[in-house]
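Everything on this sheet refers to the single structure shown next.
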Amino acid sequence: MDIKEKIIEKGKFAKIAARNLGNCRTDIKNKALINMAEALLKNTDIILEANEKDMEAGRAKGLSKAMLDRLMLNQKRILDMAEGVRQIASLEDPIGEVTKMWKRPNGIQIGEIRVPLGVIAIIYEARPNVTVDAAALCIKAGNAVMLRGGSEALNSNKALADVISKAAIEAGLPENSIQYIDIVDREAVNIMLKLNDYIDVLIPRGGAGLIKNVVQNATVPVIETGVGNCHVYVDADADLKMAEEIIINAKTQRPAVCNAMETLLIHKDCYKELLKSLAPRLKELGVEIRGCERTIAVIPEALKALEEDFYKEFLDLILAVKVVDSLDEALEHIYKYGTKHSEAIITNNYFNSQRFLKEVDAAAVYVNASTRFTDGFEFGFGGEIGISTQKLHARGPMGLKQLTTNKYIIYGEGQIRK
């Protein structure tokens, strides 16, 4: 059986599973999720052994520290994954929710209810936790899921998918509700992009190259998740101590994720004071600064920022810094270089904050808070399948409700249209 035949076969299985899963009772789905969480903890040693193989290969391949951090699993991260699955089990089931009901003059009653999307395919890179997060959210929302992770995390993903899939089936979920595509050949992705007969929605999670490839080449409907070239703008009226703490958090707390800050914009009236205080802390934390001329005048060891640096999602301990003359200039910079993911302003000026909120076109816009909060769990969604940066169907953290669509149900008493 060649690659295409294997993918099509998995698609057929997923379609059958989705039909049954969409009608599964909430208690069965919740039982499956609890089983999955328990199985993760029981099989921690097996999962960590598989992950160590990926880590060894990653180190040999020369992956950056930030990328290795994304790839790494440990007992705490597995514990966190299991807790995340339990939390999803505790959330209200969106399927079958009647969101509207109204009566027409002719007497027919029309209702709008939430239903599953069907088969969701997730194509992602070196983050094994996505395997569990995506599967759990899809299951709770009544969707079958086809997972295809990056080759860097192959062993980890296979181990995780095998553990949670078996646990879900044992709890009464349809077979093939969770499938992992363990074909490393990139042809597997190209086939999935055009599997319209079996995949209802495709969601890419990863770097700009992956997302661009999927968006440009897929015939399957795509929900574009975000490259995160996120900005923090420090206004002239900012509390500089607050700004410093937010900047440190947004850049260094976990630099290899899409909601980490990549570019710092500072108003000309406060940049000297802020950078003098901030630079030593960033240096101690290993952050490389690529700045404009005014930035370098304050931080001589900073590298000169190139035009391309302001477009980059570094996903690493690298920060682009630019001093701007006004809020207008900051807004123009974000408009030009931003990816519509997460943007923040630090200010005590109410009018500037409201203008920033109104004019910045992004999925999440912050006033006086770190961009690191753009996350399904932090938003109270119980987890996320990704951060959508597009405007159709879903935008921002995609929780359970964003993994559903609607269906109209109509009650009549023999009415016919005249």
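If you wrap the chain's Cα atoms in a convex hull and average its projection over all directions, what's the area in nm²?
Averaged projected area of the chain's Cα convex hull equals 24.0 nm².
Pull out a ≥ b ≥ c, the square roots of the eigenvalues of the alpha-carbon gyration tensor of region 230-373, then state rounded if a/c is under 1.5, prolate if not and a/b is larger than b/c, and oblate in the remaining case.
Rounded is the answer for region 230-373, as its axis ratio a/c remains below 1.5.
Sort 237-244, 318-325 by the packing proxy (mean of other Cβ within 10 Å over each peptide's residues), most packed first.
Those peptides, ordered most packed to least, come out 318-325, 237-244.
Can you compute the label reach from GLN415? Point 7 Å from Cα along the Cβ direction, backbone N cut-off under 19 Å, restricted to region 81-103.
From region 81-103, the list is 99-103.
Packing-wise, with mean Cβ within 10 Å as the measure, how do 260-270, 25-35, 363-373 rank, highest first?
260-270, 363-373, 25-35
What is the dipole size for region 230-373, taken about its Cα centre, with +1 at each Lys and Arg Cβ and -1 at each Asp and Glu Cβ, in debye to the nearest 20?
280
Can you tell me the 0 to 90 degree angle between the C-alpha axis of helix 327-337 and the longest principal axis of the chain, rounded to 10?
50
Place +1 on the Cβ of every Lys and Arg and -1 on the Cβ of every Asp and Glu in region 230-373, take the dipole about the Cα centre, and give the residue among LEU315, SER342, HIS231 whose Cα lies farthest towards its positive end.
LEU315
Pairs of Cα atoms under 8 Å, at least six residues apart: use those to get the relative contact order of region 360-402, whole percent.
Reported as a whole number, the value is 33 percent.
Past 19 Å, Cα to Cα: identify those pairs from LYS31/LYS140; LYS251/LYS276; LYS53/LYS251; LYS65/LYS340; LYS241/LYS268; LYS10/LYS194, in the order given.
Exceeds cut-off: LYS53/LYS251; LYS65/LYS340.
Which GluC sites (Glu not before Pro) from region 42-123 combine a DSSP loop assignment with at most 11 other Cβ atoms within 10 Å?
Filter output for region 42-123: GLU92.
About its Cα centre, what dipole magnitude does the chain give when the only charges are +1 on Lys and Arg Cβ and -1 on Asp and Glu Cβ, stated in debye to the nearest 20?
Dipole magnitude for the chain comes out near 1240 debye.
What does the highest-first list of 377-390, 400-413 look like by mean Cβ count within 10 Å?
377-390, 400-413
Past the 27 Å Cα-Cα mark, which pairs from LYS283/LYS312; LYS312/LYS358; LYS158/LYS312; LYS158/LYS407?
Those over the limit are LYS158/LYS312; LYS158/LYS407.
Place a point 7 Å from Cα of ASP269 in the direction of its Cβ. Which residues in region 312-326 have their backbone N less than 13 Å from it?
Counting backbone N atoms under 13 Å from the label point, the list is 325-326.
Would you work out which of PRO397, LEU274, VAL324 lies farthest towards the positive end of the dipole of the chain? Charges go on Cβ: Lys and Arg +1, Asp and Glu -1.
PRO397
Among GLY11, ILE181, TRP102, which residue has its Cα furthest toward the positive end of the charge dipole of the chain, with +1 on Lys/Arg Cβ and -1 on Asp/Glu Cβ?
After comparing all options, I get TRP102.
Only the coordinates and a few stated rules stand behind these numbers; no lab work does. Predicted, not measured: the structure shown is a model, and the values here were computed from it. Note: ideal-geometry Cβ built from the backbone for every residue, glycine included; neighbour counts use all protein chains shown.
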